[in-house]
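Encoded as structure tokens, the structure appears first; notes follow it.
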Amino acid sequence: YCSLSLSLFFSLQSKRRTQSKKNKKGTHSSQEVSSSSNAKEADTMSPLCDLQINLNHEFTFFLNQDLISEYSGFLRKIIKQSKKKKKNHKNSRIIVEVEDFPGGSDGFDLVSRFCYSNGGGISIDVSNVSILYCSSSFLEMTEKLCSSNLLLQTEKFLEGMFYWSWNDVLLCLKSCEQVFLHADSYGLVDKLVFGVLAKIAQNSDMSHVFASSSPSSSASASSQSPDTAKNRSDSDKRSTSRSFSCKTSNEWWFDDMSILGPRIIEKLIKNLGAYDKNNNSLVLTRFLLHYLKTKLQNKSINKLEYAGLVDTAVQGVIFAAKASFSCRKIFWVLRVLSGFSISKESRIGLENVIGEMLDEATLDDLLIPAGGKREKGFYDVDLVIRLLKVFVRICNSEEDQNLRMRRIGKLIDKYLREISPDQNFKVSKFLEVAESLPDSARDWCDGLYRAIDIYLESHPKLSSEDRTKLCRCLNYKKLTLETCKQLAKNPKIPPNIAVLALKSQQLSDESTLTLSREDKIKVNKMRNSRNYLKEKPILVSLKGFEMSEKFEDDLRMNLEKKLWTNSEKHCKEKKSEVVSRLVRHGHTHSSSNFPRLC
């Protein structure tokens with residue numbers, strides 16, 4: 001125990017020296033004095049402390065060679081080799097450099113206590129068994145050296161894993177994170193992962209974990225872990241075990257597993273054979289989305305470590321697609337996963353799934369903030385453009401796509417009105433969004449004109465060239481008369497655009513004269529719905545310029561000609577109606593005796 005206390009003392013002294021080197025500068029002389037004094041103190045106890053272990057270049061332990069050799073095959077080999085090299089210095093201290101020791105100084109301290117207490121002195125539990133197992137494996141503390149060596153004791157403790165509680169298994173798996181590389185190479189992580197899966201299988205329907213299932217299979221229910229039911233009676237436990245998969249959600253373990261690191265979760269997914277493109281499990285996909293959302297709240301994480309899990313979650317979403325995820329849910333998935341390092345392939349796959357059902361989206365779904373700098377705008381407009389291209393490509397391959405197109409046309413007009421006030425929203429991006437849809441997507445362009453009006457109002461310094469270019473996306477023939485009048489009176493609209501709009505409105509009216517009776521009825525119904533007939537054609541005086549006399553005279557003559565044609569036709573119909581009525585009542589006077597109605 002004296003030697004053990006000395007080893008701990010020198011370990012603490014070495015630790016303090018290491019910390020002082022990091023925090024203070026210019027004190028090299030004082031550190032040399034302390035280190036030399038420690039070496040002199042160790043020399044006085046040389047028979048008991050004839051082995052110096054420098055651990056991971058940070059800590060120093062002074063131990064007894066014979067004692068530590070009884071338990072560690074690794075150190076025994078090094079000590080024998082060192083003694084052969086120092087035949088003439090039998091009493092000199094052997095110095096051993098140990099790098100990458102699992103558990104660091106805490107792990108080596110536990111091993112030292114075990115050796116100095118003759119195979120006891122430490123209590124093995126779920127919180128330290130991982131470190132002890134890796135440390136004893138590293139130091140080769142096998143039963144060949146001692147019948148009840150540390151490695152054998154830890155293995156026996158781990159054999160009872162299937163009798164542990166759910167929380168104990170998680171705690172042990174969590175402790176593996178600090179020695180993950182060693183625990184993984186020694187097979188400890190796989191053992192604990194299988195223990196976790198066994199606990200999940202005892203209280204869940206594993207058929208839903210291994211294969212894709214419908215959303216109803218994971219409907220919300222009681223989400224208690226197995227440990228929460230300890231206080232129930234035995235009869236309640238038996239009935240619960242028989243019907244746990246029916247009455248309890250398969251997602252009860254999501255929150256508990258979220259405390260684990262990404263490497264352990266990745267190991268679990270790989271053991272289930274559902275990693276990356278092999279993921280076809282809805283439950284595992286939901287777990288990964290829940291896990292990633294939880295981890296995203298921690299800003300200190302290394303997001304590159306989660307890249308594999310992100311791609312696996314995306315593959316699960318793509319596999320389930322419309323059967324299990326709504327359009328809004330997939331937009332939520334995109335928002336969450338965009339916070340991590342998502343691969344280009346996974347992003348394209350996710351955008352294709354969203355694009356196919358984009359007409360089911362809402363305005364809030366499209367308003368996704370742009371990551372990084374705000375120079376390109378507050379919202380991710382490029383994403384919406386990519387989604388629109390996917391949607392148009394899919395709709396063009398369908399026969400009945402008019403309804404979906406009109407639905408997305410209204411949505412995009414709302415979207416443009418919402419983001420137009422953004423000062424970083426460029427004219428080119430506005431046109432790219434508006435022109436991503438074909439002309440058939442809009443019955444009327446009134447909503448698009450309102451978006452243009454908002455944009456011009458929010459960008460007063462826009463040049464006349466840009467204002468003219470902005471109106472390029474408008475189909476003037478699809479403007480109602482009321483909107484056309486507003487456009488003509490709008491001082492922010494260039495005069496030449498106003499003239500084109502009025503001229504297109506006139507040509508649109510003339511084109512209706514050549515339509516069939518049924519088509520005229522349809523057009524009239526459509527215009528009546530927009531109060532089209534309540535407005536009478538008038539000449540509009542545009543602010544900022546004057547109409548040429550020729551254009552004004554032509555427009556007036558066309559309107560008068562149209563009114564005269566309609567009134568003459570109306571008179572002829574009235575005259576024939578009166579004649580037919582007189583004939584029915586027995587009048588045989590010729591129609592020439594009647595006065596002209598017009």
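The values are calculated or read from the model by the stated rules, or taken from the named source; none is laboratory data. Here the structure is a predicted model, which is why all the values come from computation and not from measurement. Reconstructed Cβ throughout: ideal geometry from the backbone, glycine too, with neighbour counts over all protein chains shown. Accessible surface areas use protein heavy atoms only, side chains included; no ligands, DNA or RNA. Shrake-Rupley method; radii C 1.70, N 1.55, O 1.52, S 1.80 Å.
Things worth noting here:
- Heavy atoms of Val390 accessible to a 1.4 Å probe, total area in Å² rounded to 10: 10 Å²
- Simple rule: put +1 on each Lys or Arg Cβ and -1 on each Asp or Glu Cβ in segment 273-341, find the dipole, and look at Leu282, Trp332, Ala320; the Cα lying farthest toward the positive end is Trp332.
- For segment 289-341 and segment 409-431, distance of Cα centres in Å: 28 Å
- Computed with a 1.4 Å probe over protein heavy atoms only, the accessible area of Phe180 comes to about 20 Å².
- Residue-count net charge about Phe194 - beta-carbon cut-off 13 Å; Lys, Arg +1, Asp, Glu -1: +2
- Cross-link pairs beyond the 28 Å C-alpha cut-off, checked among Lys295/Lys329; Lys83/Lys191; Lys322/Lys426; Lys199/Lys270: Lys83/Lys191; Lys322/Lys426
- Calculated SAXS-style log₁₀ I(q)/I(0) at q = 0.15, 0.22 Å⁻¹ - segment 51-155, Debye, Cα scatterers: -0.59, -1.21
- Simple rule: put +1 on each Lys or Arg Cβ and -1 on each Asp or Glu Cβ in segment 288-424, find the dipole, and look at Ile301, Leu388, Pro369; the Cα lying farthest toward the positive end is Ile301.
- Taking a Cβ cut-off of under 11 Å around Lys295, the surrounding Lys, Arg, Asp and Glu residues balance to a net charge of +2, with basic ones at +1 and acidic ones at -1.
- Dipole magnitude of segment 266-363 about its Cα centre (Cβ charges: Lys, Arg +1; Asp, Glu -1), debye to nearest 20: 360 debye
- In segment 273-341, the C-alpha radius of gyration followed by the widest Cα-Cα span (Dmax) gives 11.4, 36 angstrom.
- Listed peptides 145-152, 441-448, 281-288 appear in the order 281-288, 441-448, 145-152 once ranked by packing, highest mean of other Cβ atoms within 10 Å at the front.
- Sequence ranges 61-67, 357-363, 322-328, ranked by mean other-Cβ count within 10 angstrom, highest first: 61-67, 357-363, 322-328
- Spherically averaged projected area of segment 302-386 from its Cα convex hull (nm²): 5.6 nm²
- Three principal axis lengths of segment 456-498 [C-alpha, angstrom, descending]: 29, 18, 18
- Each of Ser69, Ser117, Phe101 was placed along the dipole of segment 51-155 (beta-carbon charges, centred on the mean Cα), and the one lying farthest toward the positive end is Ser69.
- Electrostatic bookkeeping for Leu152 treats Lys and Arg as +1 and Asp and Glu as -1; over the other residues with beta carbon under 13 Å from its beta carbon, the sum is -2.
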